[in-house]
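First up is the structure itself, then whatever we jot down about it.
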Amino acid sequence: MFQTLAKLEPEALIAFARERITGFKVPMSIGFIDVLPHNPSGKILAENLRDT
């Protein structure tokens, strides 16, 4: 699974979304990160995720 994900490109994902969803829902940009920011209880910190 991770090998196929490693080959994804942001432009390809945006093109895929453009074919399948309404225009205003298509992301303007896509970024990949290695690790999601978590708090001590293990929840994902969405506000920190937006900054990356």
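The values are calculated or read from the model by the stated rules, or taken from the named source; none is laboratory data. Values in this document were obtained by computation on a predicted structure and should not be read as measured data. Cβ placement follows ideal geometry from the backbone for every residue including glycine, while neighbour counts extend to all protein chains displayed. Ligands, DNA and RNA are excluded from the accessible area calculation, which covers all protein heavy atoms including side chains. Shrake-Rupley method; radii C 1.70, N 1.55, O 1.52, S 1.80 Å.
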(message) at pLDDT 95 or above, open to solvent by 90 Å² or more (accessible area, probe 1.4 Å) and in a helix (DSSP H, G or I): which single residue out of F24, F16 fits that description?
(response) F24
(request) Evaluate segment 4-11: report whether one residue or more is out of contact with any Ser or Thr (no Cβ under 8 Å at 6 or more places or on another chain) and at pLDDT 90 or above. (result) yes
(request) Within segment 27-52, count every residue that is aliphatic (A, V, I, L, M), in a loop (DSSP other than H, G, I, E, B) and in contact with a strand residue (DSSP E or B) (Cβ under 8 Å, 6 or more places away or on another chain). (result) 2
